[in-house]
1. Go through the range 68-83 residue by residue and turn each phi into a ³J(HN,Hα) via Karplus (6.51, -1.76, 1.60, θ = phi - 60°); whole Hz please, and just put x for glycine and proline.
2. Below 13 angstrom from the Cβ of Val178, what's the summed charge of the other residues (Lys, Arg +1; Asp, Glu -1)?
3. Please compute the contact order of the range 82-208 in relative form: average sequence separation of alpha-carbon pairs under 8 Å and at least six residues apart, divided by the residue count, as a percent.
4. Short version: ³J(HN,Hα) in whole Hz for each residue of the range 102-108, in order, from phi by Karplus 6.51 cos²θ - 1.76 cosθ + 1.60 (θ = phi - 60°), x for Gly and Pro, what are they?
5. For Leu187, what residues show an amide H to amide H distance below 5 Å, using hydrogens built from the backbone and excluding near sequence neighbours?
6. Can you list residues from other chains, or at least 5 along the same chain, whose modelled amide H is less than 5 Å from the amide H of Val100?
7. Full extension from Lys48 to Ile182: what is 0.36 nm times the residue separation minus their Cα-Cα distance, to one decimal in nm?
8. Not counting ligands, DNA or RNA, and with a 1.4 Å probe, what is Val58's accessible surface area in Å² rounded to the nearest 10?
Amino acid sequence: ALERPERCLVAHHGGPQKSCVFGLILFRRAAARQWESGQNHQALERIKLWNVQTAACVLDLMGHANHFFSVSFSPGGNLLASGSRDTTIKLLNVKSGACVRTLTGHYGGVASVTFSPDGQLIASGSHDMAIKLWNVQSGECVRTLAGHTSIVRSLTFSPDMQLLASESGDSSIKLWNVLHGICVRTLTGHTGGAVSVSFSPDGQLLAS
């Protein structure tokens, strides 16, 4: 069985609001290993939204046919994207919990999802080694980025939305021109696959 989740909440950064309303729970490492192994599907199909102030679960969401790897709030906080082992991405209405759109096109589990700073695009990375850019309004895949040779585990847009950084199990980090969909730089230096990438607020630095 899954360990009890730690009482640790990740705040929802929903724009300029002073108070955080929702959070997502972080599981201990043993639980994370069960995600990778595919165990305890019934528990892992669910996404919970938490009130940060009271630690109460305010929404319990279902919909994926298998457990999910990644979740991301839209900049305005009204949508939540989830990427799942079932190869789909679901867009969920945060207030109602309803699934407003299901994005399909990956051939492997979706390991990473993130919204663009303007909320118009979603980037997804997958076990199929591809990165896809999706139009949030239409649900259409507008571009597929290929170049990694292993699972794409982390994605982040630069603050000006000109670049998308991707991290892969092939130990490389790639910088993509969002408009043209081309890889403009490959960063190497890790001896093992990094698991996360993040731009600095001014977009001048990238941490991995």
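1. Whole-Hz 3J(HN,Hα) from phi for the range 68-83: 9, 9, 8, 9, 8, 7, 5, x, x, x, 8, 10, 10, 9, 10, x.
2. My count for the surroundings of Val178 gives +1.
3. Relative contact order comes out at 15 percent.
4. 10, 9, 10, x, 6, 10, x
5. Ile173, Lys174, Leu175
6. Leu91, Leu92, Asn93
7. 44.6 nm
8. 70
The values are calculated or read from the model by the stated rules, or taken from the named source; none is laboratory data. Keep in mind that this is a model prediction, so the values were computed, not measured. All Cβ positions, glycine included, derive from the backbone under ideal geometry; neighbour counts span all protein chains shown. Please note that ligands, DNA and RNA were not included when accessible areas were found on the heavy atoms of the full protein model with its side chains. Shrake-Rupley method; radii C 1.70, N 1.55, O 1.52, S 1.80 Å.
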